Amino acid sequence: MGLFLLQDGVHGKLDSHRARFFWEGSGPDRKYHLVNWHVVCRPKECGGLGIINTKKINVALMLKWVWKLFQPDRSIWKDVIQAKYVDASNIFEGNGQGGSPFWRSLHKIRYLFKLGARFRVGNGRRTFFWTDWWQEEGPLKDRFPLLFGIGDDQLVSVESVVSALPRFRRSLNPAVAKKWGSLRTIIASTTLIHGCDEIPGSTVVVCLDPNNMEKKVFQRFYVCFNALKTGFKAGCRRVIGLDGCFFKGACQGELLCAIGRDANNQMYPVAWTVVEQETTENWEWFIGLLIKDLNINDDGAGWVFISDQQKGLINSMRDYLPKADHRMCARHIYANWRKKHRAHALQKKFWAIAKAANREDFMYYKAKLALETPEDAKDIMKTEPKHWARAFFPVGVRCESVDNNLCESFNHAIIESRFYPIISMLEKIRCKVTVRIQENRTKSEKWPGSICPNIFKKLKGSIKMTQFLEVLWNGKEGFEVKHLSGRGRRYTVNLENRTCSCGYFQLAGLPCCHAISAIYKCGRVVEYYIDKCYSIDEFKKNYEHCLQPVEGQENWPVSQNPRPQAPGYVRMHGRPKKNDRWREEGEKPKGKKITRHGTIIKCGLCRVTGHNKSSCKKNPERGQKKNAFLRKTGKKMKATEQAQTDGHAIRNQEVHGKGHKQVADGETTRGKRKTSNGHLNDVNKKAKK
């Protein structure tokens, strides 16, 4: 039933035997069939008994092969079919004549596949404009039945419609013309991505400005490679960091990124997009595409998103992912709090509150802060603690982080790429991600043990703290751990449930210092109590999928769509670089210091141009440095030695003066300085000798 489409007669024979056994059993006696067999096979909610309908199961199993044909993974059976049948790349384009029974069976039921399948447009060549479900509301033939009925080509592709509007067999009346206006709006807002078939499964979206569709002005660019999102689903936890960074070069704009965490607690880039500004509309567009690529269901329940306090992002998270755990980076919370409370001693107290893993410790450190500065403790609660305090984080995601440092690391890693134009920048980011995947794959092959090195390093810090703990064991799974220093805190540990009353064990999925003390007490192994999400095997799953090489830009396919135009000047947020006032047209600019480059210098001694006084040949002090005798010795001296050195310098200066001293009344008399009473100075006598 999973390889061939059975005939109706075969299903009838199967149903006959099944119905006879159901009503008559295995005995020889004949009995009445009180209810039609099709009614018996209905679901229980529809009045039946839920017995399997063989024909529906046969069709469902055959449709599963159609679904596999559209998947990006490679397999032997798919290669054989694509090599044997020309239309294997798109099963909806051929007729299946001359093929095997398996291939002809798929062509018979292929129309059923479109009833529940949704298509990504891509370049639009393999997506039918009218019959395929490529819009959110459903196929366009159901939304515009009148236009579909009078259409000239009902199997036209999306690419053909975008390049040239569809034709109709007759003119449109006013009622139909109104529908045609709505359809033209859908066509104008459709953006095709040429060359997307070169990277199967990847999502690359180029969006044009809907307010300026006539000029085709570029607005946004979204990238999510199939290797990255497949690796994220395979081994990463459901934790996403969201952040944005500015371009550094001549181009204006911002780069929004979504960063995950691999098994080694390192950054794992998932997707990024180019936008003109960090606004609510752009964040909603980015998050909407991210939800589709990562298959985030149930309004984000069970997912964790870490970001800063950007208002547009907060509104987007509330509208699109209301059930997700939205954390805000504690570093940004502290930076805003520190603007008013600048004492350096408050930094450690803030982080003690933020990293307290249970609410009792949270209230203790908060009360300790309130005893010193009540206003500080009041201001710290302006942001709800469920967004930044570890004590209020839900359990189950195995992530205890209170900051968004991985996004900052990604922004720093691509800082050189942000100086380039958009296309060159995205290409350099792709190359960096390609190299990073290869390096991590190679590095993981040399790791010893079963736990990633960064996780083992964190465990070593907890192991050092066990020397200050005292453990009491009840003989089974219960332990009582007491701190020998500080305020003598006491916690309980249950190794069977993998919980500790401090809260860290069940929040992070890693044994805390109390759990490690309990494990050592009963002689067990610590690795057994580490969650498997931190294992080297999970790390290898993250980087099992690699990006495929891409040819040079001269070999890239050329799109048939009109070339997008560069957007106009966009004023970025924040203070402008120059605070000078705007000057009127024709007004002289603000005066600046004139450079000396190109000026003609003139000597003050010989009055000749080309040199100055210090380099003039007539200058007797040419080439001599002032105070040259006060040279540095290159070593430190004591105060007494320095005083002696200064005394020698003064005496040498007096000797070099050759007795030429000024008189008290301003006159000079042959090196002899006259005093008010006419006597010679002792210093001049020594100089004369």
Study note, to complete from the structure: Per the 1/(1 + (r/R0)^6) rule, R0 = 22 Å and r from the Cβ atoms of Lys13 and Arg104, FRET efficiency to 0.05 is 0.50
Review point. Stokes-Einstein at 4 °C, 1.567 mPa s, Kirkwood radius from Cα pairs: D for the range 508-574 in µm² s⁻¹?
Key: 70 µm²/s
Revision key, fill the gap. Taking a label point 7 Å from the Cα of Cys522 along Cα-to-Cβ, the residues of the range 441-480 whose backbone nitrogen sits under 12 Å from it are 473-480
Point to revise | Spacing of the two label points (7 Å from each Cα toward its C-beta) at Gln624 and Trp447, in nm | key: 7.3 nm
Point to revise | the range 191-343: antiparallel DSSP beta bridges as a percent of all, rounded to 5 | key: 75 percent
Check your understanding: Which whole-Hz ³J(HN,Hα) couplings does the range 151-166 yield from phi under the Karplus relation 6.51 cos²θ - 1.76 cosθ + 1.60, θ = phi - 60°, glycine and proline marked x?
Key -> x, 6, 10, 7, 10, 6, 7, 5, 4, 5, 6, 5, 6, 9, 4, x
Study note, to complete from the structure: Toy charge model, Lys and Arg Cβ at +1, Asp and Glu Cβ at -1: the range 228-278 dipole around Cα centroid in debye, rounded to 20, equals 360 debye
Check your understanding: Asn315 to Lys432: FRET efficiency via 1/(1 + (r/R0)^6), r the Cβ-Cβ distance, R0 30 Å, to the nearest 0.05?
Key -> 0.45
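Stokes-Einstein D for the range 407-484 at 25 °C, 0.890 mPa s, Kirkwood Rh over Cα pairs, in µm²/s?
144 µm²/s
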Study note, to complete from the structure: Whole-Å distance linking the alpha carbon centroid of the range 438-477 with that of the range 314-354 is 29 Å
Review point. Between Ile57 and Lys464, what is the spin-label point distance in nm, taking each point 7 Å from the Cα along the Cα→C-beta axis?
Key: 6.2 nm
Exercise for review: Can you tell me the dipole magnitude for the range 313-387 around its Cα centre, using point charges on the Cβ only (Lys, Arg +1; Asp, Glu -1), in Debye to the nearest 20?
Suggested key: 220 debye
Point to revise | Computed over the range 354-462: relative contact order in percent, which uses C-alpha pairs under 8 Å that are six or more apart | key: 18 percent
Check your understanding: Val397's amide H: which non-local residues (gap 5+, or another chain) put their own amide H closer than 5 Å, with H modeled 1.01 Å from N in plane and none for Pro or chain starts?
Key -> none
Study note, to complete from the structure: Against the 2.2 N^0.38 Å rule of thumb, the C-alpha Rg of the range 345-427 sits at a ratio of 1.54
Review point. Which entries of Lys141/Lys178; Lys464/Lys532; Lys339/Lys382; Lys482/Lys521; Lys233/Lys386; Lys432/Lys457 show an alpha-carbon separation above 18 angstrom in the structure shown?
Key: Lys464/Lys532; Lys233/Lys386; Lys432/Lys457
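A short reminder: the numbers here are calculations on the coordinates, not readings from a lab. These figures come from a predicted structure and were not determined experimentally. Glycine also receives a Cβ, built like all others from the backbone with ideal geometry; neighbour counts cover every protein chain displayed.
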